[in-house]
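Written out below as structure tokens is the structure these notes cover.
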Amino acid sequence: MPASKKTGRRSLLVTSAALTALTLTPAAYAAPGPSTSPSATPPATMSSVGGTRLGQPGNQVDLAGGAPVLPKDLTARSWIVADAETGDVLAAHNAHWRLAPASTLKMLFADTLLPKWPKTTRHKVAVSDLAGVGPGSSLVGVKEEETYTVEDLWRGVFLMSGNDAVHVLAAMNGGVDKTVAEMNQHAEELQALDTTVVSPDGYDAPRQVSSAYDLTLFARSGLQKKDFREYASTVRAKFPGETAKDKKGRTYRKSFEIQNTNRLLRGDYDVDVYPGIAGVKNGNTTNAGATFTGVAERNGRVLLVTVMNPAKSEHNEVYKETARLLDWGFQAAGKVKPVGELVPPRSAVRANPGPEASGQAGGGDGKAAAGTKPVAGAPAADGSTGVGTAAGIAAGVLVLLAGGAFLVNRRWPLPELVRRRPRP
């Protein structure tokens with residue numbers, strides 16, 4: 001893809017920003033795997049977590065007077081539009097269809113492992129750390145026997161979708177098997193019951209599935225964490241290169257620039273930076289097609305949209321359909337009756353077992369909840385601000401709401417929201 005430049009404006013959950021002179025590079029994705037997509041058409045009945053209508057195939061929307069109709073040019077197999085603060089699902093299409101997730105599964109990986117280490121933790125990569133990285137995987141450029149900080153590795157995960165960075169972090173966590181088990185446990189705690197994790201990086205694997213509903217739960221949970229928001233909203237950053245020696249035998253180590261592969265965040269020749277975009281994660285594999293979960297803010301309202309596998313083969317189609325759904329959602333908010341909701345974690349339901357909390361899983365499998373910690377209350381690894389987030393940002397304002405606390409009730413607001421700075 002030829003390099004080009006885009007200029008756009010965006011609001012972040014942590015900043016209001018103007019992006020300029022964005023240099024584009026080709027996207028990096030997880031590579032195709034050996035399995036096939038679960039089915040060609042959605043099941044007649046699906047999970048009813050979040051509401052019975054979300055378990056029904058086809059478009060689910062309840063238009064009221066003055067509400068705009070849904071975009072007519074949507075080709076994705078599955079999608080969902082939800083209010084990130086209230087949890088209301090404004091509209092959905094096959095929301096619980098279990099499909100291959102690709103690298104959007106890295107949102108669950110990050111939400112599970114982010115609290116484990118401070119950003120400044122250093123790790124020397126062993127040869128064994130990179131074992132199991134699938135052929136053709138998207139890579140950030142992690143090298144054996146080199147030392148990286150945890151912050152370096154997370155930037156590799158979020159910006160470049162680096163499967164090499166995922167495997168190093170998994171090795172630090174005790175290995176891939178342990179990490180997969182913890183991800184599955186955390187998915188169950190979030191009531192993301194459509195999800196089965198086999199590979200922590202989203203690389204195609206038999207029986208590995210998720211859904212638009214579950215991916216939206218992962219994004220909403222992750223966005224409760226400061227570090228998650230920071231990494232997801234970073235457009236570009238520096239990544240350490242290999243250690244080398246100069247002519248005098250002195251060692252040195254240069255860094256190189258990496259850029260976020262999220263096209264609504266960074267732009268492309270056929271896609272503008274979406275106004276108010278603040279992340280979250282994209283993916284693309286043979287089994288999954290293109291997948292994407294995005295979060296954006298407009299006039300004080302924050303929406304989450306997940307799109308899975310558009311049938312239309314146009315370049316950047318997953319971002320174009322996401323942008324159309326975001327536009328619709330901002331226009332329709334307050335004019336449509338919700339067709340469901342994003343449920344809170346099971347631990348939150350147990351902590352608030354009133355009539356509003358009971359039955360929110362509506363169709364869950366009845367398994368015991370895994371874990372007891374409220375996921376939204378997990379603190380950031382440290383209070384520092386990432387260097388990469390500031391790159392290309394003209395100014396930023398952070399507005400703290402609710403003191404970062406996890407509010408256990410039916411309405412699950414994000415602890416920090418930014419109100420868009422008025423345009424000049």
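Rolling a 1.4 Å probe over the heavy atoms of the protein chains gives the stretch 248-301 an accessible area of 35 Å² per residue. Placing a label point 7 Å from the Cα of Ala40 along the Cα-to-Cβ line, the residues of the stretch 300-315 whose backbone N sits under 17 Å from it are 311-312.
Heavy-atom accessible area per residue, the stretch 57-161, 1.4 Å probe: how many Å²?
On a per-residue basis, the stretch 57-161 sits at 33 Å².
Residues Leu193, Leu264, sorted by accessible area with the largest first, give Leu193, Leu264 [1.4 Å probe; ligands and nucleic acids excluded]. With each label modelled as a point 7 angstrom along the Cα→C-beta vector, the Thr52-Thr251 pair spans 6.6 nm.
Surface composition of the stretch 115-207: carbon plus sulfur atoms contribute 53% of the solvent-accessible area (1.4 Å probe, protein chains only, all chains present).
Cα centroids of the stretch 65-117 and the stretch 239-270: 32 Å apart. Note on Thr147/Asp73: beta-carbon distance plugged into 1/(1 + (r/R0)^6) with R0 of 56 Å gives a FRET efficiency of 0.70. Taking 0.36 nm per residue of sequence separation and removing the Cα-Cα distance, the Ala244/Asn299 pair yields an extension gain of 14.8 nm.
Could you state the accessible area per residue of the stretch 169-214 in Å², with a 1.4 Å probe and every protein chain left in place?
In whole numbers, the stretch 169-214 has 29 Å² accessible per residue.
Mean sequence separation of contacting Cα pairs (under 8 Å, at least six apart), scaled by the length of the stretch 175-323, corresponds to a relative contact order of 16 percent. What is the distance in Å between the Cα centroid of the stretch 147-197 and that of the stretch 278-317? Cα centroid of the stretch 147-197 versus Cα centroid of the stretch 278-317: 20 Å apart. Note that the stretch 57-66 has calculated 3J(HN,Hα) couplings of x, x, 5, 10, 7, 10, 6, 9, x, x Hz, one per residue in order, obtained from phi through the Karplus relation 6.51 cos²θ - 1.76 cosθ + 1.60 (θ = phi - 60°); glycine and proline are x.
The values are calculated or read from the model by the stated rules, or taken from the named source; none is laboratory data. The model shown is predicted, which means the values in this text are computed figures rather than measured ones. Note that each Cβ is placed from the backbone with ideal geometry, even for glycine, and that neighbours are counted across all protein chains shown. Note: areas computed on protein heavy atoms with side chains; ligands, DNA, RNA excluded. Shrake-Rupley method; radii C 1.70, N 1.55, O 1.52, S 1.80 Å.
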